[in-house]
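The values are calculated or read from the model by the stated rules, or taken from the named source; none is laboratory data. Note that the structure is predicted; figures quoted are calculated from it, not measured. Note that we place each Cβ from the backbone using ideal geometry, even for glycine, and neighbour counts take in every protein chain shown.
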């Protein structure tokens, strides 16, 4: 699986994209990605890393993990601005309001919420503060695709 400061945008249900935090248990990430692939849900990698680093991470992921990707050097404004998530949603052909972001940082959460994505926060290094549209969990252990569809949406 992908290692490093990379987030994934993956879908929770058909056409409901989300972001998968890199620090989650490898087995749990694999289960979520496999479930997403089995449901034929598009998936994008969203990272503020440069394209060359993201491409290496994508190459290390299982085949078919990502439909598209957005990197920090491809957006005018990175996180906490909404631009990365807006670009990912557009590339996937879905409205950001139908997206679910899985994030581990305050700047990533702010970016996803500003874009209008429901957000699942999985704190890693820095704690996350409550916000409308943000659901905070300790880990991705036990999280299933159907749960992502039922997350609170930003106002």
Of the listed residues (45, 20), the one being under 19 Å from residue 122 (Cα atoms), part of a strand (DSSP E or B), at pLDDT 80 or above and in contact with a strand residue (DSSP E or B) (Cβ under 8 Å, 6 or more places away or on another chain) is 45
Filter the stretch 71-80 for residues that are in a loop (DSSP other than H, G, I, E, B) and under 15 Å from the mean Cα position of the chain (by Cα); the one that is farthest from residue 50 (Cα to Cα) is 80
From the option list 152, 104, single residue qualifying as touching a residue at least 12 places away in the same chain (Cβ under 8 Å) and buried (at least 17 other Cβ atoms within 10 Å of the Cβ) is 104
Within the stretch 112-137, residues being in contact with a helix residue (DSSP H, G or I) (Cβ under 6 Å, 6 or more places away or on another chain), in a helix (DSSP H, G or I) and either surrounded by fewer than 18 Cβ atoms within 10 Å (Cβ to Cβ) or without any contact (Cβ under 8 Å) to a residue 60 or more places away in the chain (or both) number 1
If we keep only residues of the stretch 81-101 that are over 12 Å from the mean Cα position of the chain (by Cα), in contact (Cβ under 8 Å) with a residue 60 or more places away in the chain and assigned to a helix (DSSP H, G or I), then the residue surrounded by the fewest Cβ atoms within 10 Å (Cβ to Cβ) is 98
Selection over the stretch 90-106 where residues are more than 21 Å from residue 144 (Cβ to Cβ) and either modelled with pLDDT of 95 or more or touching a strand residue (DSSP E or B) at 6+ places or on another chain (Cβ under 6 Å) (or both) yields a count of 3
query: Would the stretch 145-154 turn up any residue that is in a strand (DSSP E or B), out of contact with any helix residue (DSSP H, G or I) (no Cβ under 8 Å at 6 or more places or on another chain) and farther than 23 Å from residue 56 by Cβ?
result: no
